Number of protein chains: 2
Amino acid sequence: MGVESLHSFFEPEGVALVGARRSPGFGYGIPLFLQAQGWANRLYLVNPAGGELHGMKVFKTLKDIPAPVDLAIVIVPAEAVPGVLKEIGECGIKNVIVESAGFAETGEKGRALQEEIGTIAKRYGMRVIGPNCVGVVNTLNRFASVELLEESMTPGPVSIIAQSGVFGNILLDHLPRCGLFISKAITLGNRADVDENDSLAYLGNDPTTKTIMLYLEGAADGRGLVKTLKQVTPRKPVLILKSGRTGAGKQATASHTGSMSGEDGIYNAVFSQTQAIRAQSLPHLIDLARVFATQPLPKGNRLGIITTSGSLGALATDVAVSADLRVPNLSQSTADHVRGMAPDWMNVRNPLDVGPSGTFSRALPLLLADERVDMVLSIMVIPYAVVKNVKTMGFTLKDWFGDMESLRSRFPDKPLLAVVVGHPEFVDDVAHLCGPYTPVFNAPEPATSALAALWEYAKGRGEWR
Amino acid sequence: MGVESLHSFFEPEGVALVGARRSPGFGYGIPLFLQAQGWANRLYLVNPAGGELHGMKVFKTLKDIPAPVDLAIVIVPAEAVPGVLKEIGECGIKNVIVESAGFAETGEKGRALQEEIGTIAKRYGMRVIGPNCVGVVNTLNRFASVELLEESMTPGPVSIIAQSGVFGNILLDHLPRCGLFISKAITLGNRADVDENDSLAYLGNDPTTKTIMLYLEGAADGRGLVKTLKQVTPRKPVLILKSGRTGAGKQATASHTGSMSGEDGIYNAVFSQTQAIRAQSLPHLIDLARVFATQPLPKGNRLGIITTSGSLGALATDVAVSADLRVPNLSQSTADHVRGMAPDWMNVRNPLDVGPSGTFSRALPLLLADERVDMVLSIMVIPYAVVKNVKTMGFTLKDWFGDMESLRSRFPDKPLLAVVVGHPEFVDDVAHLCGPYTPVFNAPEPATSALAALWEYAKGRGEWR
């Protein structure tokens, strides 16, 4: 089935929730959440007990629902799932999210139950997400099969595929604090039917998804993964965090979402061959997403560094040249220009350590405009005691560093990242100064490493054209 | 000269500040700061103009000071430093901090000026820190030759040596937010005299320093470094962030504090041979300090993992086994005990993925007590919607996870770290629950990596005994 078979997961006309209930839990919370998101008139609750919940009628069976339904969310005990699925099939509903746990992740009995789900799905031509997941999120129409906080429902350019429901859910809780907002999310759970390849293909075609984050424990279908990644990565970056790298790690995932992960070397080869970007850790995944979601692709690998601390400039340079970036000399005209405004003690080179010279705000745009520079790292640290003095004298950080936020649009073709370390108040002020489109890092190394990944992807895309 | 020659930098009887002035800057801010720290009656300001500053008399020359002075802080233009140093020498003051910049970091002329400082220091038998630095901090007697905020003056177990003044200063601004508090700090600058070896030896003998953080661009004296590290690391861990790893990075440091860094491979060999712990990045340095400052050394390399998310448990396992840790089976008695309280679907193994079983608070102490486990990683993630529901039902996070803070003292011999990812409010609540002696990380990988470094150090110490 093509990617259009996933459409109703994200854009349902009518949604049945089977397993609505009065006691705390998904069956209670999700109806309340969807009501608050404006879905009350397209949401139908089902429970054999009938009655009312949150002021909404509870239907005793699916067949009683007097309106078209194209998506069912199933939250009933594992043993009851096959029966419910058949009923859904009989009603002609083609998309189902099974959130219930208790399947292949628990052992042999659960595995048999899960196979039954797959069989039923095939028989009725249904697409099933799950079991053992929290389903989907679409921030644009405010539909989600999982309770989220308001800030996680703010639309953005990133979409998420997570094999694990909990992982996807806590990532959604966490990302707004990192300045990351999402378009869609899908948690796969045990993958009785819908897998990461279906999801990648769907999000690859989704116009509001600019960057895809994927958390994978083991590929459901290796050949399919290669094929799908090759289709998707030329259009948008796919950032992958893959666990089960080691034997012990593999064993840990086996009992968790019921999959066995393959050999790690093969995954490395697959990701490299398909231009997928592999994250080395959860923080690295988030760093990459922040940068890929906001920055243009660089035209080359030449990094310009401007810094108020020589030490941090050196740490950035180390990472850059270890990772296929160059830190070239400035062009003669940039160097002359900076020299003309700089005090004698300042060394005019790259990294450009401006120290307390007061030239930062004028030098940074020169660096961005330099034709020998493809991307810029702006390291902004000032001891807080100095910041306080400067403020006392009536100067602002904008006087010092310039109108950082405007640079993203003034130099649309060159990636620009910021680094700030120091007192929390100063860090917050600099982040505010940079605005939402220049990611701010708390150390030079992860920022530089993200720029190297951006170049690696840009280079690969260039080769394919 | 022995380490006692550094004593007056940290415990001065009387301090002369040469270069006090009325305009904003160090010469204005440091006197005000030291006044606020209670040093007014042991601080003597010097400026040829005389007069008053902050209600304190300003002496026209050092000779006019009517009380004993054993430390001078010099904040005058570079050209004036040699003259001032001679005057200090004539007065018999043996410890001098030269904060002024404009020496070897700026070129040949500055280098000559700096050599003059070294010559004068030798002639008068003085110890000189700097030039181009911010000197020292001692939180215990509230003495510092740099303006700091109140939270950075809170005493703690970590001491810092930073080759760069700005780097040391922003680190001091930053660390309280990471839960790290310091005993002493010293910024070396251009090292006309006092270097990292003197500083390591001094802090190695300092009873309030439990862990040393060192930021180094290039060794002043390689043999001395090997010898000093060999003396210090058996007594306390030395965490080193070394920049200039690459040719370009080296070039970047050359113009900064006027030193050329040596070859990186040699440094790796030196650090490994002397049991110094090399940080891979600034965030890694801070992670290591948080763990070494609070945790006991493990007796072996066996890691127990308890988690509410199988995914994060797998990511931790990957890092552990890649870094010489083992993730062994639980002992039979622990396994039986956990099995007895666990629902059927829960897999009783290591990592112990308790999911939403409600057994976390009882299982974690069992894991810590297990004789097959040397250290524990506690991964605590719950989707925020679930947290909200649980709170509505009257339960607290302490009900869920147990009295985390008490575990540090109940199991004093086993390192315990926490990981939490999710909504900021949940993250803050868990951090509060863990208390100040169980570091909380925002991802499993850096926490596991820090535990591996702890074991690496513990193992090395064991071999020496």
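The values are calculated or read from the model by the stated rules, or taken from the named source; none is laboratory data. Keep in mind the model is a prediction, meaning the values are calculated, not measured. Positions of Cβ are backbone-derived with ideal geometry, glycine not excepted, and every protein chain shown enters the neighbour counts.
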Checked pairs for the range B:37-58, first at positive phi, second assigned to a strand (DSSP E or B), C-beta under 6 Å and 6 or more apart or across chains, list as B:50/B:58; B:51/B:58
With the checklist (1) surrounded by fewer than 22 Cβ atoms within 10 Å (Cβ to Cβ); (2) outside any helix (DSSP H, G or I); (3) touching a helix residue (DSSP H, G or I) at 6+ places or on another chain (Cβ under 6 Å); (4) not basic (Lys, Arg) in hand, flag the one item residue A:377 doesn't pass. (1)
Looking only at the range A:110-125, decide whether some residue is touching a strand residue (DSSP E or B) at 6+ places or on another chain (Cβ under 6 Å) and either within 14 Å of chain B (Cβ to nearest Cβ) or of a type in the set (Asp, Glu) (or both). no
Hey, can you tell me all the residues within the range A:143-178 that are under 24 Å from residue A:205 (Cα atoms) and either of a type in the set (Asp, Glu) or in a loop (DSSP other than H, G, I, E, B) (or both)? A:145, A:146, A:154, A:163, A:164
Name the one entry in B:302, B:290, B:223 that is within 30 Å of residue B:121 (Cβ to Cβ) and basic (Lys, Arg). B:223
Sort out which residues of the range A:263-305 are closer than 24 Å to residue A:180 by Cβ and either touching a Cys at 6+ places or on another chain (Cβ under 7 Å) or without any contact (Cβ under 8 Å) to a residue 40 or more places away in the chain (or both), and write them in order of number. A:278, A:280, A:286, A:290
Restricting the range A:278-303 to residues that are more than 13 Å from residue A:441 (Cα to Cα) and of a type in the set (D, E, K, R), the residue that is farthest from the other protein chains (Cβ to nearest Cβ): A:299
Residue check, residue A:412 more than 9 Å from chain B (Cβ to nearest Cβ), more than 25 Å from residue B:29 (Cβ to Cβ) and part of a loop (DSSP other than H, G, I, E, B): yes
Filtering the range B:348-364 down to residues that are within 27 Å of residue B:385 (Cα to Cα) and either surrounded by fewer than 19 Cβ atoms within 10 Å (Cβ to Cβ) or more than 9 Å from chain A (Cβ to nearest Cβ) (or both) yields B:348, B:352, B:354, B:356, B:357, B:358, B:359, B:360, B:361, B:362, B:363, B:364
Residue set A:145, A:152, A:164; condition of a type in the set (Gly, Ala, Ser) and out of contact with any Gly (no Cβ under 9 Å at 6 or more places or on another chain); output residue A:152
Filter pass, residue B:118 being small (Gly, Ala, Ser), loosely packed, with under 15 Cβ neighbours inside 10 Å and in a helix (DSSP H, G or I): yes
Can you tell me how many residues in the range B:129-147 are under 17 Å from residue B:13 (Cα atoms), within 13 Å of another protein chain (Cβ to nearest Cβ) and within 17 Å of the chain's Cα centre (by Cα)? 3
Which count do you get for residues in the range B:421-454 that are in a loop (DSSP other than H, G, I, E, B) and more than 9 Å from chain A (Cβ to nearest Cβ)? 5
Residue list for the range A:356-385, restricted to those being closer than 29 Å to residue B:30 by Cα and in contact with a Pro (Cβ under 9 Å, 6 or more places away or on another chain): A:357, A:358, A:359, A:379, A:382
Picked from the range B:192-206 (must be of a type in the set (A, V, I, L, M) and part of a loop (DSSP other than H, G, I, E, B)), the residue nearest to residue B:135 (Cα to Cα) is B:194
Does residue B:273 fit the bill of being farther than 30 Å from residue A:324 by Cβ and not aliphatic (A, V, I, L, M)? yes
Under the condition of being more than 31 Å from the chain's Cα centre (by Cα) and not β-branched (Val, Ile, Thr), which residue from the range B:86-102 is surrounded by the most Cβ atoms within 10 Å (Cβ to Cβ)? B:89
Given (1) charged (D, E, K, R); (2) surrounded by 15 or more Cβ atoms within 10 Å (Cβ to Cβ); (3) away from chain B (no Cβ under 14 Å), residue A:336 misses just (2)
Mind counting the residues in the range B:55-73 that are part of a strand (DSSP E or B) and touching a Ser or Thr at 6+ places or on another chain (Cβ under 6 Å)? 2
For the range A:166-173, check the following and say yes or no: at least one residue is modelled with pLDDT of 95 or more, under 24 Å from residue A:89 (Cβ atoms), outside the structural domain of residue A:439 (by TED's automatic domain parsing) and touching a Pro at 6+ places or on another chain (Cβ under 8 Å). no
If residue B:13 satisfies every condition in (1) of a type outside the set (A, V, I, L, M); (2) in a helix (DSSP H, G or I); (3) more than 14 Å from chain A (Cβ to nearest Cβ); (4) in contact with a helix residue (DSSP H, G or I) (Cβ under 8 Å, 6 or more places away or on another chain) but one, which is the exception? (2)
Filter the range A:16-39 for residues that are in a loop (DSSP other than H, G, I, E, B) and within 12 Å of chain B (Cβ to nearest Cβ); the one that is modelled with the highest pLDDT is A:23
Quick test of your reading of the structure: residue A:400 fulfils all but one of (1) out of contact with any Ser or Thr (no Cβ under 9 Å at 6 or more places or on another chain); (2) touching a residue at least 12 places away in the same chain (Cβ under 8 Å). Name the failing condition by number. (1)
Matching residues, the range B:354-396, being among the charged types (D, E, K, R), within 23 Å of residue A:169 (Cβ to Cβ) and out of contact with any Asp or Glu (no Cβ under 9 Å at 6 or more places or on another chain): B:391
Among the candidates A:354, A:348, A:427, single out the residue that is touching a strand residue (DSSP E or B) at 6+ places or on another chain (Cβ under 7 Å) and either in contact (Cβ under 8 Å) with a residue 24 or more places away in the chain or closer than 24 Å to residue A:319 by Cα (or both). A:354
Quick one: which residue in B:189, B:218, B:249 is assigned to a loop (DSSP other than H, G, I, E, B), modelled with pLDDT under 95 and under 23 Å from residue B:111 (Cα atoms)? B:218
State all residues of the range B:430-465 that are charged (D, E, K, R) and free of Cβ contacts under 8 Å to residues at least 24 places away in the same chain; if no residue qualifies, say none. B:463, B:465
Among the residues of the range B:309-325, are any within 12 Å of chain A (Cβ to nearest Cβ), part of a loop (DSSP other than H, G, I, E, B) and over 33 Å from the mean Cα position of the chain (by Cα)? no
